[in-house]
Each structure stands twice: as structure tokens, then as C-alpha cells.
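Novice: Here it is: the structure, laid out below.
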Amino acid sequence: MRNRKGMTLVEVIVAMALFAIVMVTLFTAFIITNLMNNVSKEFSDATYQAQSEMEVVFGYSREESLNQTLTNLQDLHGYSCSGTTCEKTDGIFDIVLSFTEHQTSISVTIVVIEVETNSGEYAGDRIKIENYVRFQAGG
């Protein structure tokens with residue numbers, strides 16, 4: 001055997017090919033992870049927005065009637081209400097609140113909040129939460 005002091009051209013090309021294969025695999029994994037992070041952030045932001053709106057409605061329900069709550073949503077929170085449905089656009093989200101009275105042994109209202117992304121790559125993605133709320137009696 002002869003004593004080698006360096007690498008041959010073939011060895012360098014093979015090493016570069018192996019390195020390229022590994023890098024393509026890792027690069028694809030990074031791209032997929034980044035896309036999933038973006039989707040997760042979008043849904044997380046929409047869920048946070050829906051929960052915040054539900055907390056506003058629940059806060060009003062403890063002291064006010066449904067009609068007073070609808071008025072407050074229009075006057076104080078920028079909603080456009082028609083009947084028992086309220087809508088607004090807040091940044092990149094379209095928010096729809098709908099109230100349906102449900103008669104059981106106690107009078108409760110089903111509140112459905114839908115938050116839909118209205119721009120960007122994820123436009124049209126929607127989060128929907130639903131809860132029962134008991135409003136105070138009165139006009």
C-alpha cells in the first residue's frame with residue numbers, strides 16, 4: 001500500500017454527494033416544521049381571540065340582559081348586530097357572535113363564536129367555540 005497524503009477527487013465528490021443528500025432531507029424537515037408552526041400560531045391566535053370574546057360576553061351576562069349585552073357589543077366593542085347575530089372585523093380576523101335562546105328548566109342562551117382568518121395563506125380557516133350563558137332577566 002502506498003502512503004496517501006490527501007483525498008482523491010472521487011472521495012471528495014462522494015463526500016459532497018452524501019452531504020447534499022443529508023442537507024436536502026434536513027432542509028425539507030425544516031420547511032415542514034416552519035409551515036406547521038405557522039398553522040399552529042394562526043389557530044392559537046384565533047382561539048385566543050374567540051376566548052377573549054366569550055369572556056366579554058360572559059362578563060356582560062353576569063350583570064345585564066341579552067338586549068343590553070347586544071347594545072354594549074355594538075356601542076363599546078365595534079360590532080354590527082342584526083337580531084341576535086353580531087359581526088366585526090378585528091385585524092386579520094372576522095368575528096361572528098350568535099345568540100340562541102334555549103329553554104330548559106332555566107333560561108339559558110347558547111353563544112357561538114366563530115373566528116375566521118380573512119387574509120394571508122390561511123384565509124378561511126375558522127375556529128368555533130360554543131358555550132351556555134345565563135343572562136340577567138330584563139329588557
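Novice: Looking at Val39 and the list (1) modelled with pLDDT of 90 or more; (2) within 23 Å of Tyr122 (Cα to Cα); (3) part of a helix (DSSP H, G or I), which single condition is not satisfied?
Specialist: For Val39, the failing item is (1).
Let's see how each residue does on (1) touching a strand residue (DSSP E or B) at 6+ places or on another chain (Cβ under 6 Å); (2) within 30 Å of Phe99 (Cβ to Cβ); (3) loosely packed, with under 10 Cβ neighbours inside 10 Å:
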residue: Glu11; (1), (2), (3): no, no, no
residue: Phe19; (1), (2), (3): no, no, no
residue: Asn38; (1), (2), (3): no, no, no
residue: Ser44; (1), (2), (3): no, yes, no
residue: Ala50; (1), (2), (3): yes, yes, no
residue: Val57; (1), (2), (3): yes, yes, no
residue: Arg62; (1), (2), (3): no, yes, no
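Novice: Among the residues of segment 54-74, is there at least one that is of a type in the set (Lys, Arg), at negative phi and in a helix (DSSP H, G or I)?
Specialist: no
Novice: Here's another thing I want to ask about it. Here's a check for you: in segment 1-36, which residue that is among the polar types (S, T, N, Q) and over 30 Å from Ile127 (Cα atoms) is modelled with the lowest pLDDT?
Specialist: Among them, the one singled out is Asn3.
Novice: What number goes with the only condition from (1) in contact (Cβ under 8 Å) with a residue 60 or more places away in the chain; (2) surrounded by 14 or more Cβ atoms within 10 Å (Cβ to Cβ); (3) under 30 Å from Leu35 (Cβ atoms) that Phe135 does not pass?
Specialist: Against the list (1) in contact (Cβ under 8 Å) with a residue 60 or more places away in the chain; (2) surrounded by 14 or more Cβ atoms within 10 Å (Cβ to Cβ); (3) under 30 Å from Leu35 (Cβ atoms), Phe135 comes up short only on (3).
Novice: What is the residue count in segment 103-117 for residues that are farther than 16 Å from Tyr48 by Cβ, surrounded by 11 or more Cβ atoms within 10 Å (Cβ to Cβ) and either over 22 Å from the mean Cα position of the chain (by Cα) or not β-branched (Val, Ile, Thr) (or both)?
Specialist: Of the residues in segment 103-117, 3 are farther than 16 Å from Tyr48 by Cβ, surrounded by 11 or more Cβ atoms within 10 Å (Cβ to Cβ) and either over 22 Å from the mean Cα position of the chain (by Cα) or not β-branched (Val, Ile, Thr) (or both).
Novice: Of the conditions (1) part of a helix (DSSP H, G or I); (2) of a type outside the set (Val, Ile, Thr); (3) more than 12 Å from Phe99 (Cβ to Cβ), Lys88 fails just one. Which one is it?
Specialist: Unmet for Lys88, out of (1) part of a helix (DSSP H, G or I); (2) of a type outside the set (Val, Ile, Thr); (3) more than 12 Å from Phe99 (Cβ to Cβ): (1).
Novice: Follow-up. Can Lys5 be described as within 30 Å of Asn118 (Cβ to Cβ) and either assigned to a loop (DSSP other than H, G, I, E, B) or within 41 Å of the chain's Cα centre (by Cα) (or both)?
Specialist: In short, no.
Novice: Continuing with this model, one more query. In segment 88-102, which residue that is of a type outside the set (Val, Ile, Thr) and surrounded by 15 or more Cβ atoms within 10 Å (Cβ to Cβ) is farthest from the chain's Cα centre (by Cα)?
Specialist: It comes out as Phe99.
For every residue, the table says whether it meets (1) within 23 Å of Ser40 (Cβ to Cβ); (2) of a type in the set (Ser, Thr, Tyr).
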position	(1), (2)
Gln68	no, no
Gly83	no, no
Phe93	yes, no
Phe99	no, no
Asn118	yes, no
Tyr132	no, yes
Ala137	no, no
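The values are calculated or read from the model by the stated rules, or taken from the named source; none is laboratory data. Note that the coordinates shown come from a computational prediction; the quantities given were computed from them, not determined experimentally. Here the Cβ is made from the backbone with ideal geometry for all residues, glycine too, and neighbour counts use every protein chain on show.
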